[in-house]
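In what follows, a structure is listed as C-alpha cells, so that the remarks can point back to it.
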Amino acid sequence: MSAAENKRSVIVGIFVLLGLVIFVVGVFTLASHQKRLMQSIQLRAVFDDVAGMRKGNNVWFSGVKIGNVKEIRFYGDSQVEVIMDIQADVQQFIREDAKARISSESLIGNKIIEIFGGSAQASPVEDGDLLTAVNPMNTDDMMATLQENNKNLVTITNNFKKLSTNLVQGEGTAGALLTDSTLANNFRNIVASLQQTSANTVQASRALNRFTSRLNNSDGLVHQMLTDTAVFNRLQASVNQLQNATTAATAITDNLQQASQKLNNSSNAVGVLLNDQEFANNLRNTMQNLETSTQKFDENMEALQNNILFRGYFRRQEKDQQKVQETNAGAADSVNVIP
Amino acid sequence: MLSKPDKPDGTRERKYVLTRRLDRLFLELHRVFAFNIRFFKELVVPPFEFKEFIKQCFEAGVKSLPLISLTGFIIGIVFTNQSRPSLAEFGATSWLPALISIAIVRALAPLVTALIAAGRVGSSIGAELGSMRVTEQIDAMEVSATNPFNFLVVTRVLATTLMIPTLAMYTTLIALLGGYVNVSQMEQTSFATYFSQVFGAITFLDVFSAIIKSFVFGFTIGMVGCYKGYHSSKGTEGVGKAANSSVVTAMFLIFIEELIALQIINAIRAT
C-alpha cells in the first residue's frame, strides 16, 4: 500500500470515527435527557380521558421532569390506564396519597402528567403503585364556559351600546350632563363651589390643626384637663360645689316662689298691701288726709314762728346757723392761702 | 428482441408485449432489479476491493465534507431566521431550538446531505463509469479476469451507503450549530439551554429513522450512479447523459423514499 493510500485510509478512518463520535455522543445525550439510562420505577394512574396524551410525554413533579409515559392502554369499560416511568431517585419524594393530573407544558405545548400533592405522613410510593387521577377539564366544557362568557359579553356590549347611544343623544342624567350646556355650566359652578368649599375646608382644617396644636400645648387648660390629674380633681371639686350652689339656688327659688305665692295671698300684711283694693283705697285716703294734715301743720308752724312767744327762739337758731357758716368759710380761705 | 418472425400462416407476430414504452419501462425495471441482485451477490463474494472502497469513501465522504458542512451551517441559520417570524406571531420564539431540532434531525439533515451527495457524488460516479463503459475499459477489465462489477459497483455503492449517514451526522451537528449561532444572536439563548431544548424535542425514533434513511439515500445514490454509468451507451454523449440522469433519478428517488419513510415513521410513532 502506497503512502498516499495509507494517508487516504487514515483520513477516511478519522472521518468515520468522528461521525461515529457525533452519533454516540448524540445518542447518549438524548438518553440522559430522556432519563433512559437511569433506574426507574413504574407508577400508574387511571383517567377517564387522557386528552391526547401520547407515549413518551413527560411526567412532572413540582415542575421538574421526573420521567415519561411508558404506555397508554384502555382500562375497565372506557377508562384509560397510563403507565409512567419515574426516576428511582425521586421515589422518596412522591407520597402514596399524591395525585396525578393531565396538564400542558404551555398554552399550546405538549400534554404532560403532573404529579402533585401528597402528605408527609404518607409513605413513599412503591413500584407499580396506582396514583389517584384528577380528570382534566374537557375542552368541550371549556368551550361551553367560553360560549357562556361570549353570550355575557354580547349582552354587556349591547347594554353598553344602548348606554353610549343614550349618552350621545343626551338622554338620562349622564347624557344631559354631556350634552346640555346649561347643565354643564351648573355643573361647572358646582365644581367651582366644591373647589371653594374644599379650599374653605382646607382653611378650616388648618384652623382646626392650629386649635388642636393649642390644645396640645402643655400650658393650655384642655391639655391640663386631659393630662394633669390634679387639675381634673380640682375641676371635679368645682363642679361639685357648683352642683351644691345649684341645689341651694333651687331651694332659694322655691322659697321665692312660696314668698311670691304668699304675696299674691291676702292673708298676710304684704299680701293685703299688694292685693286688697279696699285697703289700697283706705291707704290712699289716709295718705290724702295725711297730706292735708301736713299742709295745715305747716301753716300752723308758720303761724307759730310769727307768734311773739316763740319768735326769740327762732331768731337764736338763725344766728347760730350764720355763725357756723362763717366759721366754715374762714377755714376754707386759710387753706387756699397756704401754697 | 421482442419482435418475432412472421407466422407460417402469414400473420405478423406482435412486436411488443404491451406498448413500446411500457415494454421498455418493464425491461428497465428488470435490469435495475437484476443489477441490485447482482450487487448483493457480489457483496458477499470475495475478493473485496478494500483499497478501492477506501478510495471511494474518501471521494464520496471526505471530499464532500466541506461543501456539505457549509451547506448545513447555512441551512441552520436560514431555517432559524425564516421560522422566527412565524413563531414570533405566537410569542413562541423560545421554541425555536425545538423547531430547528425537529426539522434538522428528522428531515433536513438527511435530505440535504443526500441531495448534495446526489449532485456531487452521483454525477461523478455516473460520469466515471459511463466513460469507462464508452471507452470499453469495463470490457477490458472483464477480459483481464477482473470482476468490474465487484471493483467498480460494489465499492462505490458500499462507500456511498456508509458515507452518506456519516455526512448526515456532520450536517446535523453543523446545522444545529448554525441554528445556535442565530438563536444566540437574536434571543441570547445560552449554549446549554439551546441544546437542552434541542434534545428535549427529539426522540430516539427521530435519530434512528434519520440514520436509516441516510443509509437508504446513500445506497440509492451509489446504485443509481453505478447503474446509469454501467449501462451508458452512445459514446461521449452517453457519458453526459449518464451523469445527468444519475443526479435527476437519484434526487427523484430520494424524495420518493423520504415520503415513504415519513409514512412508515409516522405509523411507528402512532403505535
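Select from the stretch A:76-103 the residues that are assigned to a strand (DSSP E or B) and small (Gly, Ala, Ser) and write down the one among them that is nearest to residue A:45 (Cα to Cα).
So the residue we want is A:100.
If you go through the stretch B:197-209 one residue at a time, how many are within 10 Å of chain A (Cβ to nearest Cβ), within 19 Å of the chain's Cα centre (by Cα) and not acidic (Asp, Glu)?
So the answer is 2.
Give me the residue from the stretch A:13-25 that is more than 7 Å from chain B (Cβ to nearest Cβ) and aliphatic (A, V, I, L, M) and, out of that set, farthest from residue A:64 (Cα to Cα).
Step by step, filter the stretch A:13-25, then rank; the result is A:14.
Against the conditions (1) of a type in the set (Lys, Arg); (2) modelled with pLDDT of 85 or more; (3) surrounded by 18 or more Cβ atoms within 10 Å (Cβ to Cβ), where does residue A:44 fall short? Just the number, please.
Single failed check for residue A:44: (3).
I'm trying to understand the selection: among the residues of the stretch A:78-104, which are of a type in the set (Ser, Thr, Tyr) and in contact (Cβ under 8 Å) with a residue 40 or more places away in the chain?
A:103
Tell me which residues, restricted to the stretch A:45-54, are more than 9 Å from chain B (Cβ to nearest Cβ) and among the charged types (D, E, K, R).
Selection gives A:48, A:49.
Testing residue B:246 on (1) modelled with pLDDT of 90 or more; (2) under 25 Å from residue B:54 (Cα atoms); (3) hydroxyl-bearing (Ser, Thr, Tyr), one condition comes back false. Which one is that?
All conditions are met except number (1).
How many residues are more than 9 Å from every other protein chain (Cβ to nearest Cβ) and either buried (at least 18 other Cβ atoms within 10 Å of the Cβ) or not charged (D, E, K, R) (or both) if we restrict to the stretch A:1-12?
Of the residues in that region, 5 qualify.
Any idea which of B:113, B:93, B:71 is under 21 Å from residue B:160 (Cβ atoms), within 14 Å of chain A (Cβ to nearest Cβ) and of a type in the set (Ser, Thr, Tyr)?
Result: B:113 is the single residue among B:113, B:93, B:71 that is under 21 Å from residue B:160 (Cβ atoms), within 14 Å of chain A (Cβ to nearest Cβ) and of a type in the set (Ser, Thr, Tyr).
Could you grab me the full set of residues in the stretch A:65-77 that are in contact (Cβ under 8 Å) with a residue 24 or more places away in the chain and away from chain B (no Cβ under 13 Å)?
Passing the criteria: A:66, A:67, A:70, A:75, A:76.
Considering A:145, A:173, A:182, A:132, which residue is surrounded by 11 or more Cβ atoms within 10 Å (Cβ to Cβ) and either acidic (Asp, Glu) or assigned to a helix (DSSP H, G or I) (or both)?
Only one candidate passes the filter, namely A:145.
Let's see how each residue does on (1) surrounded by 24 or more Cβ atoms within 10 Å (Cβ to Cβ); (2) closer than 19 Å to residue A:20 by Cβ; (3) away from every other protein chain (no Cβ under 14 Å); (4) aromatic (Phe, Trp, Tyr):
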position	(1), (2), (3), (4)
B:185	no, no, yes, no
B:192	no, no, no, no
B:195	no, no, no, yes
B:212	no, yes, no, no
B:221	yes, no, yes, no
B:229	yes, no, yes, no
B:232	yes, no, yes, no
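Quick check: is even one residue across the stretch B:106-120 more than 29 Å from residue A:23 (Cα to Cα), touching a residue at least 60 places away in the same chain (Cβ under 8 Å) and part of a helix (DSSP H, G or I)?
no
Please count how many residues of the stretch B:234-251 are buried (at least 20 other Cβ atoms within 10 Å of the Cβ), of a type outside the set (A, V, I, L, M, F, W, C) and under 20 Å from residue B:139 (Cβ atoms).
The number of residues fulfilling the criteria is 0.
Would you say residue B:39 is surrounded by 14 or more Cβ atoms within 10 Å (Cβ to Cβ), closer than 25 Å to residue B:160 by Cα and more than 12 Å from chain A (Cβ to nearest Cβ)?
So residue B:39 fits the description; yes.
Could you list all residues from the stretch A:26-44 that are facing another protein chain (nearest Cβ under 9 Å) and out of contact with any strand residue (DSSP E or B) (no Cβ under 8 Å at 6 or more places or on another chain)?
A:26, A:27, A:29, A:30, A:31, A:32, A:33, A:36, listed by residue number.
The values are calculated or read from the model by the stated rules, or taken from the named source; none is laboratory data. Small disclaimer: the values here were computed from a predicted structure and weren't measured. Glycine gets a Cβ as well: all are built from the backbone with ideal geometry, and neighbour counts include every protein chain shown.
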